[in-house]
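See below for the structure under consideration.
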Amino acid sequence: MKPTVVKVENLVKRYKELLAVDHFSLNIIEGEILGLLGPNGSGKTTTINCLLSLLQYDKGAIEIFGKPMSPDRYDLKQDIGIISQNVAVFEELTVYENVDYFCGLYIKDKLKRKDLVNEAIGFVGLNDYLKFYPSKLSGGLSRRLNIACGIAHKPKLIIMDEPTVAVDPQSRNRILKGIQTLNQNGATIIYTSHYMEEVEQICSRIIIMDKGRNLAEGTTEELKLMIKTGETIRIELLDLSKEHIENIKMLKHVFSVVFEDSLLTVRCRRGSHNLVTLLNYLHEHDINCGRVFSELPTLNDVFLEITGKQLRD
Amino acid sequence: MLHSFKYAFLCSIRNKSQLFWTLLFPIILGTFFHFGFNSIIENTENFSQIPVAIVTLTEGETSETFIEVAEQLVSGETPLLNPQFVDSQQAEKLLENEEIDGIFYIDDSIRLVVAEEGLRSSILKQISDSYLQTFSTVAAIAQTRPDLVTQVIEDINGEFQINREVILGKGETDTFLNYFYALIAMQCLFACYQGFYRVVNIQANMSSLAARRCVSPVKKMHMVLVDFIASICTQFVLLLIVLAYFVFILGINFSGQWGFVLLTSFVGCIVGVSYGTFIGSVLKSSKRTAEGLLTGLSLFLCFLSGLMLQNIKNVIENYAPIINRINPAALLTDAFYSLTVYDNYSRYMHNIISLLIIAAIFCTVSILNLRRKRYASI
């Protein structure tokens, strides 16, 4: 059985009247990519900051690598890499110097450090920008530099707090692939984001957070199984009477029917032939269809059903 | 340690805003001071020697006395007149050619002719009036109490010898040099930017960069110390550049006591950096607000030390001397001043010790604030 890398129990953090983290617990097993998914203000970053002993918290216990985490646990910090939401580098240092500086905080051996710095820069694809200052880099390249600074010392636990905010699609894909490679190389990763597609793409396990609480936890498939929606069918129609809407609601597995702006949206429970059943009904009643879409549930549906609101509200 | 020091030094030396305030600004201001003061000095020197012609129309007691007075005004460290003894034709020609500013005609009395109104002609008129007044006073006494004439003449001659310059110290009290001292004090205080920026990058609640540094396995106090030393070194290097510019380019003479000048500058850098560290550790406002406060406060302290108005320090000394005792800029300028004026180092050492105490207070409060490891909010 793989060891637990991070263990958080009943974490509570208040900012005066605001309860930012509400009895939050989690366990991360070695080799996992754990996604913390939640809208802005849901408590993801606060949880991370408590985890790193940067923030005081009101209640709870945090263990990293099986030992209680505190600001003085330099032995634990040695194996942690942090990639923050904002690009946290020195504007006065070049790409190479920045990576070398942060790597130097962990690795004292000069020769070993040189290799690690070059490896990290190569990993994020900044070889052609070694002497560039951060202000001369594009948003995507700056993010890559931010990542290189956090991973150069080869940490066992990497904490990434929304590393792809305001990044172009090309850089985003590169970053996501990089994260998977780091994981394959043995790093355990905590990845916070409010982009469900990213979390779905790379995370082996996901925790959905809102208002500081752990609302649901599991793999993507497990989370999708937790909700009622098994399939969402959308059909373009010119018109549909109330009688037909009521009839469609009576079809097998259907639990929600909405007709708005010439678009019929039907949500069904898990079951086979939902689409065929619906199309047969429309055909039998001579209702002409436009385009037809059938979608399996997404994390957004999961979030919507659990919290009653869209993830990007 | 060296690794962190190297990058802290590079960061400081490459920060353009800091470089402007701590290197370019003192150089620009020093250059303005230099040319401004030179112009004043040149004008002063031009006043001191006014070319005049002395034309003796009638030989006698009056001509002898006035020529004696004129000779007195030619001698001394700062001669006032540059007289030519010529006849009236030559004198008029010289005046016409603007080679002289006036003509003294001597017969029974003296008569002054000037080319045009101005400061120089006013001085010549003052000399003429003063002479005539004294001459008539002596003549009146000679008529009423002839026995006192010799005594009165001796007293008049003696008047010029009553005020004698007594040098208590080294005697190098160049007023303009004080402005350069205040300028160096200002540069030392501007080291606060170095201290401030470094301390912002070490408190996790102030920047993401600081948060990243705080989660590294390096002790916070170690980082604070390295940053502090690097900031002082950077500032001292910049100060050496400015001093070199003042001495070798502008030709300012700092009394030749280089060891003490450098020591004062170094202590000034320590005070400046600790002052910035202190502000950065106690102030929880935005970077811009803090920068504004640092600039405003530094310039105000320099103003009180005489950077803009030389006499302000003396006024403060008369009405609120405690301000001069706790104002680092005033202590720095006073340390420099006492180096050039006094022939012992007691006042200088008093200033240096006061500066070190102020730096120690700033550092202690900063450490107490910075040692916090967890923050209530980020």
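Structural remarks
- Region A:123-171: C-alpha gyration tensor shape, a/c 1.5 cut-off, then a/b vs b/c: oblate
- Take the Cα of residue A:234, step 7 Å toward its Cβ, do the same at residue B:350, and the gap between the two points is 8.4 nm.
- Aspartates and glutamates whose Cα lies under 18 Å from that of residue A:252, excluding same-chain neighbours fewer than 8 positions away: A:231, A:243, A:284, A:295
- When the helices of chain A are scored as -39500 (n - 2.57) per DSSP H run of n ≥ 4 and the total is divided over every residue, the value at 222 nm lands at -10000 deg cm²/dmol.
- Shape class of region B:224-336 from the alpha-carbon gyration tensor: oblate, with a/c at 1.5 or above and b/c at least as large as a/b.
- Computed from backbone phi, the HN-Hα couplings of region B:343-358 come to 9, 10, 9, 5, 5, 4, 5, 4, 5, 5, 5, 4, 4, 5, 5, 4 Hz, rounded to whole numbers (Karplus: 6.51 cos²θ - 1.76 cosθ + 1.60, θ = phi - 60°; Gly and Pro given as x).
- Helical content of chain B, expressed as a calculated mean residue ellipticity at 222 nm, amounts to -22000 deg cm²/dmol (DSSP H runs of 4 or more residues, -39,500 (n - 2.57) each, divided by residue number, nearest 500).
- Relative to the longest principal axis of the Cα atoms of chain A, the long axis of helix A:110-123 lies at roughly 20 degrees.
- Viscosity 0.692 mPa s, temperature 37 °C, Stokes-Einstein D of region A:92-134 from Kirkwood C-alpha radius, µm²/s: 320 µm²/s
- In region B:96-137, the GluC sites (Glu not before Pro) that fall in loop regions by DSSP, at most 16 other Cβ within 10 Å: B:98, B:99, B:116, B:117
- Among A:69, A:250, A:226, the largest mean-square fluctuation in a Gaussian network model of chain A (Cα springs under 10 Å) belongs to A:250.
- Distance violations [Cα-Cα > 20 Å] among A:7/A:156; A:44/B:287; A:7/A:228: A:44/B:287; A:7/A:228
- Sorted peptide list for B:337-348, A:31-42, criterion being average Cβ within 10 angstrom, highest first: A:31-42, B:337-348
- One way to sum up the overall shape of chain B is the equivalent ellipsoid from its Cα gyration tensor, whose semi-axes run 63, 21, 16 Å, largest first.
- For region A:168-313: Kirkwood Rh in Å [reciprocal of mean 1/r, alpha carbons]: 17.5 Å
- Test item: B:10-21 mean partner chain Cβ contacts at 10 Å: 2
- Take every pair of alpha-carbon atoms less than 8 Å apart whose residues are at least six positions apart; their mean separation over the length of chain A yields a relative contact order of 20 percent.
- Inter-label distance for residue A:40 and residue B:134, nm, one decimal - labels placed 7 Å from Cα along Cα-to-Cβ: 8.6 nm
- Calculated SAXS-style log₁₀ I(q)/I(0) at q = 0.19, 0.20 Å⁻¹ - region A:1-139, Debye, Cα scatterers: -1.17, -1.21
- Compactness of region A:191-254, expressed as Rg and Dmax over alpha-carbon positions, Å: 17.2, 48
- Of the trypsin sites (Lys or Arg not before Pro) in region A:248-313, those whose Cβ has at most 15 other Cβ within 10 Å and which sit in DSSP loop: A:252, A:269, A:270, A:309, A:312
- Each pair of Cα atoms in the protein assembly as shown enters the Kirkwood radius, and Stokes-Einstein at 37 °C and 0.692 mPa s then converts it into a translational diffusion coefficient of 101 µm²/s.
- Cβ-derived FRET efficiency at R0 41 Å, residue B:153 paired with residue B:92, nearest 0.05: 0.75
- Nearest-0.05 FRET efficiency for residue B:360 and residue B:258, computed from C-beta distance (R0 22 Å): 0.25
- Between the amide H of residue A:269 and those of A:230, A:254, A:255, distances stay under 5 Å, these residues lying 5 or more places away or on another chain, with hydrogens modeled in the peptide plane.
- Take each residue of peptide A:87-96, count the partner chain Cβ atoms within 10 Å of its Cβ, and average: the result is 4.
- Rg/Rg_ref, chain A, where Rg_ref = 2.2 N^0.38 Å and atoms are Cα: 1.21
- About the centre of its Cα atoms, the protein assembly as shown shows a dipole size close to 5880 debye [charges on the beta carbon of Lys, Arg (+1) and Asp, Glu (-1) only; nearest 20 debye].
- Euclidean distance of C-alpha centroids, region B:356-378 and region A:221-297, integer Å: 65 Å
- Pairwise label distance in nanometres, residue B:229 with residue A:131, each label 7 Å out on the Cα-Cβ vector: 3.0 nm
- DSSP bridge analysis restricted to the protein assembly as shown gives an antiparallel fraction near 60%, rounded to the nearest 5.
Values in this text are rule-based calculations from the coordinates and carry no lab data. The model shown is predicted, which means the values in this text are computed figures rather than measured ones. Note that we place each Cβ from the backbone using ideal geometry, even for glycine, and neighbour counts take in every protein chain shown.
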